[in-house]
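This report refers to the structure that appears directly beneath it.
Just so it is clear, none of the values below were taken in a lab; they were calculated from the coordinates. Every value quoted in this text rests on a predicted model; they were computed, and no experiment measured them. No Cβ is skipped: glycine too gets one built from the backbone with ideal geometry, and neighbour counts run over all protein chains shown.
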Amino acid sequence: MAIQPTELRRILGHFATGVTVVTGRSGTESRGITVNSFTSVSLDPPLVLICIDRRARTYEFLPRAGAFAVNILGEHQRWLCERFARRSAPEVQDELASVPHHVGITGAPLLDGCIAYLECRIVGRHDAGDHAIFIAEVVTATAGEPSPPLLFFRGTYPRLARAEIFA
Ligand SMILES: Cc1cc2nc3c(=O)[nH]c(=O)nc-3n(C[C@H](O)[C@H](O)[C@H](O)COP(=O)(O)O)c2cc1C
């Protein structure tokens with residue numbers, strides 16, 4: 001018997017991850033989405049991937065944007081994780097309007113206070129089941145605030161002891 005999607009999600013939740021907000025801009029439209037499916041793919045050439053739900057607005061938005069930023073969240077930024085895990089009203093064009101940010105070299109919004117940033121240009125999209133895999137070339141990568149990461153595990157946000165990170 002095939003595993004039910006809710007049960008699969010519950011089991012996959014045992015795989016602890018960091019949390020990112022993927023942002024992009026196309027003309028006057030700016031969007032952000034909370035993503036933990038971010039993975040490094042290749043160092044040379046520098047490639048990463050994200051998996052996006054085909055029902056998400058970001059699925060049709062990203063190809064128009066052509067590029068995106070991966071904003072890696074610190075534990076002090078749980079509010080950004082929750083903010084961008086919610087869909088905004090359909091008429092909202094600039095989802096970043098009330099969120100402190102600066103603009104990167106690809107035009108993608110970079111959220112202030114993150115622990116690291118990557119700016120990436122999309123080089124491939126592969127639809128796979130109910131998600132799509134976006135593969136992107138890293139244009140620039142920088143470290144940010146020296147803060148502990150935001151973690152996601154079994155639907156919760158556990159904290160690392162500071163001593164474990166900076167030992
Ligand atoms: C911790 C966390 C991780 C998530 N990771 C992903 C992900 O990797 N891919 C995805 O499509 N949605 C992911 N989501 C769900 C989206 O953030 C959510 O569906 C969002 O509202 C979609 O926005 P959009 O429809 O405006 O694009 C995640 C949510 C949370 C809370």
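Numbers below:
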| item | result |
| --- | --- |
| Neighbour cut-off at most 16 other Cβ (10 Å), DSSP loop, trypsin sites (Lys or Arg not before Pro), segment 80-167 | Arg86, Arg87, Arg154, Arg159 |
| Mean Cα-pair separation over length for segment 20-166, i.e. relative contact order, pairs under 8 Å, 6 or more apart, % | 27 percent |
| Value in Å of the Kirkwood radius, where the chain supplies the Cα pairs that are averaged | 16.5 Å |
| For segment 43-140: span of alpha carbons on each principal axis (Å, largest first) | 32, 30, 24 |
| Debye-sum result for segment 39-88 in log10 I(q)/I(0), which assumes one identical scatterer on each alpha carbon, at q = 0.19, 0.25, 0.28, 0.32 Å⁻¹ | -0.87, -1.17, -1.19, -1.20 |
| Segment 1-79, Cα convex hull volume normalised per residue, Å³ | 147 Å³ |
| Efficiency of FRET from Cβ geometry, Arg9 and Arg64, R₀ 25 Å, rounded to 0.05 | 0.30 |
| Amide H partners (placed H, <5 Å) of Leu150, local residues excluded | Val19, Leu73, Gly74, Glu75 |
| Total charge dipole magnitude, the chain, about the Cα centre, Cβ charges on Lys, Arg, Asp, Glu only, Debye to nearest 20 | 380 debye |
| GluC sites (Glu not before Pro) restricted to segment 37-112 and DSSP loop, no more than 13 other C-beta within 10 Å | Glu91 |
| Inter-part distance where segment 1-58 and segment 97-158 are each reduced to a Cα centre, Å | 10 Å |
